[in-house]
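These notes are about the structure you will find just below.
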Amino acid sequence: MFRIEAEVDKDRRDLLLSRLRDTNTAASPVLAALRGTPGEREAPLHVWALDTAGNLAAGLVGHTWTTWLHVSYLWVDAVHRGTGLGSRLLTEAERIATTDRGCTASRLETWDFQAPGFYRRQGYEVVGTIPDYPPGVTEYILTKQLP
């Protein structure tokens with residue numbers, strides 16, 4: 001008999017993640033080879049742009065894992081859009097990922113009303129779409145091979 005609970009529990013989440021990583025590592029030769037190395041762990045990667053007053057003008061939040069950069073969020077304040085600031089943040093994140101962390105590829109997700117065209121101009125290619133996620137919107141999954 002099991003008791004089923006639906007509650008947010010950080011400790012259980014962390015335990016579950018640890019056990020899932022152990023299971024995945026044991027099942028994958030590539031992950032098993034990385035076991036215990038810095039490349040196995042996710043490493044946060046944040047890039048910020050501040051205006052002259054020190055206020056947040058734009059930011060990129062992501063992480064690296066094995067040989068991949070994963071861009072989770074990229075935002076540019078409306079008054080700075082179209083100035084190349086987003087491109088500068090993405091380029092800097094890719095530089096850090098390749099030069100400092102040995103990444104060879106990048107991935108991200110964006111919705112159709114956000115920035116798929118921007119990412120294509122940065123060299124990203126659409127590798128998948130999820131229609132109606134959320135309803136009425138298409139999500140794009142994009143990747144890019146890094147130099």
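The values are calculated or read from the model by the stated rules, or taken from the named source; none is laboratory data. Just so it is clear, the model here is predicted, and its values are computed rather than measured. Cβ coordinates were reconstructed from backbone atoms using ideal geometry, including for glycine residues, and neighbour counts include every protein chain displayed.
Let me spell it out: the conditions are (1) at pLDDT below 95; (2) in contact with a strand residue (DSSP E or B) (Cβ under 7 Å, 6 or more places away or on another chain), and Trp65 meets all of them except one. Which number is the exception? All conditions are met except number (2). Restricting attention to segment 21-53, the residues that are modelled with pLDDT of 80 or more and closer than 16 Å to Leu69 by Cα add up to 5. For segment 88-129, the set of residues classified as in contact with a Ser or Thr (Cβ under 7 Å, 6 or more places away or on another chain) and assigned to a helix (DSSP H, G or I) consists of Glu94, Ala97, Pro116, Tyr119, listed by residue number. Could you grab me the full set of residues in segment 93-113 that are within 16 Å of Thr143 (Cα to Cα) and free of Cβ contacts under 8 Å to residues at least 24 places away in the same chain? Of everything in segment 93-113, just one residue is within 16 Å of Thr143 (Cα to Cα) and free of Cβ contacts under 8 Å to residues at least 24 places away in the same chain, namely Arg95. Taking the residues in segment 119-147 that are among the small types (Gly, Ala, Ser) and in contact with a strand residue (DSSP E or B) (Cβ under 6 Å, 6 or more places away or on another chain) as candidates, determine which candidate is farthest from Gly86 (Cα to Cα). Filtering first and then ranking leaves Gly128. Within segment 52-76, the set of residues being part of a strand (DSSP E or B) and of a type in the set (A, V, I, L, M) comprises Leu56, Ala57, Ala58, Leu60, Val61, Leu69, Val71, Leu74, Val76. Checked against the criterion of being assigned by TED's automatic domain parsing to the domain that holds Leu50, modelled with pLDDT of 95 or more and in contact with a helix residue (DSSP H, G or I) (Cβ under 7 Å, 6 or more places away or on another chain), the candidates Thr110, Thr91 yield just one match: Thr110.
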